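**Student:** This is the structure I have questions about; it appears just below.
The values are calculated or read from the model by the stated rules, or taken from the named source; none is laboratory data. Here the structure is a predicted model, which means the values were calculated and not measured. Here the Cβ positions follow ideal geometry from the backbone for every residue, glycine too, while neighbour counts run over all protein chains shown. Note: accessible area is taken over every heavy atom of the protein model, side chains too, but ligands, DNA and RNA are not part of it. Shrake-Rupley method; radii C 1.70, N 1.55, O 1.52, S 1.80 Å.
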Amino acid sequence: KSSKREWKPLEDHSCTDVPWLLLFILFCVGMGFICGFSIATGAAARLLSGYDSYGNICGQKNVKVEGIANSGLDLTHKKYVFFLDPCNIDLVHQKIKSIALCVSACPRKELKTLADIQKFAETNGSTLCSYELQPSEYTTDPRAAKLCPKYPVPESAPIPFFHRCAPVNISCYAKFAEALITFVSDSSVLHRLISGVMTSKEIIMGLCLLSLVLSMILMVIIRYISRVLVWILTILVILGSLGGTGVLWWLYAKQRISASALDTQIAKDNLQALLIYAIAATVFTVILLLIMLIMRKRVALTIALFHVAGKVFIHLPLLVFQPFWTFFVLILFWTYWITVLLFLGTTGSPVPNEEGFVEFRMAGPLKYMWWYHVVGLIWISEFILACQQMTVAGAVVTYYFTRQKRNLPFTPILASVNRLVCYHLGTVAKGSFIITLVKIPRMILMYIHTQLKGKENACARCMLKACICCLWCLEKCLTYLNQNAYTATAINSTNFCTSAKDAFVILVENALRVAAINTVGDFMLFLGKVLIVCSTGLAGIMLLNYQRDYTIWVLPLIIVCLFAFLVAHCFLSIYEMVVDVLFLCFAIDTKYNDGSPGREFYMDKVLMEFVENSRKSMKEAGRGGGAEGRELKPM
């Protein structure tokens, strides 16, 4: 059995889950086919150059579309798309409800009458009315009311790289802005907020850099303050639970005295509710204190692991930059994905619609390609995150199971990346696919819940939310198990299922310690995030308070605090990952080694002290006889 098998850390390296790597490569080839298909069918040209309502691509010669009068024109000199009514936005279908034309230049100033539009056409050679009208007919032809732009024509400028004429004044999109930003009732408020951001952009950048530096510093010094944080947390929890319970009983006694004088039904109901709350709080406090009493010895392991994690970052400083590389790769992939999605939105064959204009639609099975594209977004994103987890696990495993730290590779991170690419990409692909299988149904249910909001009954709404919650919990559990499976793969080069089973056995054998690390440890890291956000926010208030060139600085402060939380979360999530990897290594070390000759421990001195203290406590409790001796057993 795998639990009896001898573990040989870092001794053997073999390829794992090769079929899943081949499946992932085939899937990526399919993603590439979608991109190539959209480009080959002209979607890239339509997206970048733009096209008019008659199916003509601006800036080139076009082919005639059957049944469309103004199609097949030579628009070589008309390179920009111009909308006759650019402010008429359909929020439901997310498009501009206006005739689009190809023009040679965008109107760089406001045109208030048809005479101004005619003068602009004669001066610049850019006809803003429909193709069948000549500039000389703008003021005389009765069709000009429908075939010319709605005036006044706003000042516009071409969007870089996309050749669309967009209004310079964003107040044109008032409806769209109201739909997105419902709290802005006065446009001056929005202008003041934006001006505050633009004026204080140097301060914002400086504060963002400060949050970055604080996160790095906290990752180094957290090992020195972990013991203090644990005791502060313990005292606060005890005082909070005892104080809350005492207040509830005090309110109940006070209400009982006043209720006897009033003798009303409302007073009796309130008295009964207070009694229920007080009893529930008492039961909760007793259970909480018992749990803390049982787990008090295991908190010491959490403190020791945090101390060793700090040493890991000193020996492996490149771990600090791991979130940057992951974020950079994710941004590159998301940019590619959005570009292809835009290609898919403009691909297909030209088809006349009900209004007599042209739309591009895909027919047959090809119209479902965007489903494949969405699955690719989830799977490949999870694959990139899983590569980060495997890289961190491999580096920490190398650190832990190297007895002489001076014999560590020059760059353990790069050595871990090399092992990942050469041996374990299939394992990462399989683990990320499992998360994708859980995430897709949850996202579908969330979409259904959003679409049916206000239409479904209470029972259906409750069932939907319950299913979404269950899938979310399952996803979190699988993510945690996957991370430990990657650690087991990094240690012993076993495939995903074997590694997941081995890791699960180890975690079950140390369930109470896992609970202590995931509660106390996570709360300590949460306090670290709060500390970074509060410190950055306080510095922001002090700096922005002396800035007099703007009117509102609430938005800059919110931006800074959100960025600080994001940075702290990215860095401390790496710290949390390192602690989890160290714990699994520690559990394996203590299970298969006992410190005797030939079976020496790999662990750090701090963890060794924890094991020795646990053994002493076990012996002392064993002399007294009883279950407490068995409770303090290290493994």
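**Student:** Computed FRET efficiency, Cβ-Cβ of GLU612 and VAL286, R0 35 Å: what is it to the nearest 0.05?
**Tutor:** After rounding, the FRET efficiency stands at 0.55.
**Student:** Separate question: For the pair LYS109 and GLU137, what calculated FRET efficiency results from E = 1/(1 + (r/R0)^6), where r is the Cβ-Cβ distance and R0 = 25 Å, to the nearest 0.05?
**Tutor:** 0.65
**Student:** Mind checking the full-extension length gain between MET463 and THR498? Use 0.36 nm per residue of separation minus the Cα-Cα distance, one decimal, nm.
**Tutor:** 9.1 nm
**Student:** Report the label-to-label distance for PHE601 and LEU209 in nanometres (one decimal), using points 7 Å from each Cα along the Cα→Cβ vector.
**Tutor:** 4.4
**Student:** While we're looking at this one, here's another question. For the stretch 341-382, report the accessible area per residue in Å² (1.4 Å probe, heavy atoms, rounded to an integer).
**Tutor:** Per residue, the stretch 341-382 has 54 Å² of solvent-accessible surface.
**Student:** First check a/c for the stretch 564-607, with a ≥ b ≥ c the square roots of the eigenvalues of its C-alpha gyration tensor; if it is under 1.5, answer rounded, and if not, answer prolate when a/b is larger than b/c or oblate otherwise.
**Tutor:** prolate
**Student:** With a/c under 1.5 counting as rounded, go ahead and sort the stretch 458-534 into rounded, prolate or oblate using the C-alpha gyration tensor (a ≥ b ≥ c being the square roots of the eigenvalues; past the cut-off, prolate if a/b is larger than b/c, else oblate).
**Tutor:** It is oblate, given that a/c is not under 1.5 and a/b is not larger than b/c.
**Student:** Any idea how far the Cα center of the stretch 44-73 sits from the one of the stretch 404-478, in Å?
**Tutor:** Spelled out, the Cα-based centre of one part sits 43 Å from the other.
**Student:** Separate question: State, to one decimal in nm, how far the label point of GLU122 lies from the label point of TYR277, with both points 7 Å from Cα in the Cβ direction.
**Tutor:** 8.0
**Student:** Counting Lys +1, Arg +1, Asp -1, Glu -1, what net charge surrounds ARG108 among other residues with beta carbon under 13 Å of its beta carbon?
**Tutor:** Result for the neighbourhood of ARG108: -2.
**Student:** Viscosity 1.567 mPa s, temperature 4 °C: what is the translational diffusion coefficient of the stretch 190-618 from Stokes-Einstein with a Kirkwood Rh over Cα pairs, rounded to a whole number of µm²/s?
**Tutor:** Answer, rounded: 50 µm²/s.
**Student:** Related question: How many nm separate the modelled label positions at LEU531 and TYR480, each set 7 Å beyond the Cα in the direction of the Cβ?
**Tutor:** Going from the LEU531 label point to the TYR480 one covers 2.4 nm.
**Student:** Projecting each Cα onto the charge dipole of the stretch 190-618 (Lys/Arg +1, Asp/Glu -1 at the beta carbon, about the Cα centre), which of GLN404, LEU332, CYS497 comes out farthest on the positive side?
**Tutor:** GLN404
**Student:** Once the Cβ-Cβ distance between CYS422 and GLU354 is put in as r, and R0 is 45 Å, what FRET efficiency do you end up with, to the nearest 0.05?
**Tutor:** Efficiency computed from Cβ-Cβ geometry: 0.20.
**Student:** State to the nearest 20 debye the size of the charge dipole of the stretch 416-468 about its Cα centre, where the only charges are +1 on K and R beta carbons and -1 on D and E beta carbons.
**Tutor:** Computed charge dipole of the stretch 416-468: roughly 80 debye.
**Student:** Moving to a separate point now. In the stretch 190-618, what percent of the accessible surface is made up of carbon and sulfur (1.4 Å probe, ligands and nucleic acids excluded)?
**Tutor:** 73
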